[in-house]
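Notes to accompany the following structure.
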Amino acid sequence: MKKMILTALSAALVLGLSACADKGETNKTVAQNDKPVISEEEIGLRKETLYTEDGIAPVKADFNKPAPGMSQRFERSYENAPPLIPHSVDGLLPITRNNNACLGCHMPEVASSMGATPIPKTHFMDFRSQKMLDHLAQQRFNCSQCHVPQANVKPLVENKFKPEYRDPEEKKRSNLIDTLNEGVK
Ligand code: HEC
Ligand code: HEC
């Protein structure tokens with residue numbers, strides 16, 4: 001039995017190797033045909049050698065600096081997109097199990113007194129059972145997984161996307177809780 005598995009394995013290995021060899025051949029053919037060859041440095045977004053990290057630094061990004069309460073909300077990127085964080089997150093990240101500063105201003109019961117947008121109802125819902133919970137859903141605890149600050153940098157890839165809102169109000173607030181099952185029920 002063991003022997004059979006081994007034979008099968010080595011056959012797979014040989015097949016795999018020859019498949020790789022085939023790929024090598026195709027690459028060569030492309031180069032020979034004088035088709036434009038893209039260098040390794042051009043494939044990635046960073047346009048630098050891929051073989052060392054020396055001297056490689058992220059783009060200098062000027063993140064939005066105003067403290068919470070002093071910033072201007074951004075327009076939503078599209079209908080029901082997670083809003084971008086318009087204020088500084090200095091001292092607020094990382095979010096840990098025992099410390100989530102975002103909640104102190106964004107929980108619905110405190111948000112209006114802080115001038116902050118309340119965490120929406122969707123974040124208090126269990127999407128599997130579609131039932132409302134009496135607490136924030138675990139899946140929504142790590143806010144910065146979906147909500148990110150913005151920096152004014154030149155996009156690496158031009159983006160011509162233009163959002164269309166069915167209601168202009170949706171440029172500044174979400175209504176996902178009302179439209180969740182649109183087209184389903
Ligand atoms: C000290 C209170 C405070 C804390 C802490 C805070 N925020 Fe805010 N947040 C605000 C206020 C106030 C606004 C409204 C814009 C303004 O006035 O700066 C806001 C706006 C936002 C918005 C934009 C909402 C919209 O309607 O466009 C997002 C997203 C957001 N905050 C996410 C976060 C996240 C994520 C954290 C934790 C990393 C956080 N906030 C921590 C007060 C706070
Ligand atoms: C899994 C992704 C995800 C996580 C995690 C998440 N959000 Fe959101 N959030 C969204 C999306 C998508 C929307 C827009 C649709 C909606 O309302 O559900 C949104 C909307 C919001 C809004 C705007 C509500 C409105 O009425 O316009 C606020 C404020 C917000 N989230 C705060 C938070 C905070 C604070 C946390 C952390 C406690 C958090 N979110 C965690 C995805 C997320």
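In region 107-123, of all residues being within 21 Å of the chain's Cα centre (by Cα) and in a helix (DSSP H, G or I), the one that is farthest from ligand 2 (Cβ to nearest atom) corresponds to HIS123.
Considering only residues of region 87-102 that are farther than 16 Å from SER71 by Cα and part of a loop (DSSP other than H, G, I, E, B), which is most open to solvent (accessible area, probe 1.4 Å)? That would be ARG97. Of all residues assigned to region 138-158, none qualifies as being outside any helix (DSSP H, G or I), within 16 Å of ligand 1 (Cβ to nearest atom), open to solvent by 70 Å² or more (accessible area, probe 1.4 Å) and over 30 Å from GLU42 (Cα atoms). Looking across region 160-185, the residues that are of a type in the set (A, V, I, L, M, F, W, C) and more than 16 Å from ligand 1 (Cβ to nearest atom) come down to PHE161, LEU180, VAL184. Annotation note: Cβ proximity below 7 Å between a residue of region 164-180 that is in contact (Cβ under 8 Å) with a residue 12 or more places away in the chain and a residue that is within 15 Å of ligand 1 (Cβ to nearest atom) and open to solvent by 60 Å² or more (accessible area, probe 1.4 Å) (sequence gap 6+ or interchain) occurs for TYR165/LYS171; LYS171/GLU75; LYS172/ARG73; LYS172/GLU75; ILE177/LYS121.
The values are calculated or read from the model by the stated rules, or taken from the named source; none is laboratory data. Predicted model only: the values in this text are computed from it and were never measured. Positions of Cβ are generated from backbone atoms using ideal geometry, with glycine treated the same way; all protein chains shown enter the neighbour counts. Note: areas computed on protein heavy atoms with side chains; ligands, DNA, RNA excluded. Shrake-Rupley method; radii C 1.70, N 1.55, O 1.52, S 1.80 Å.
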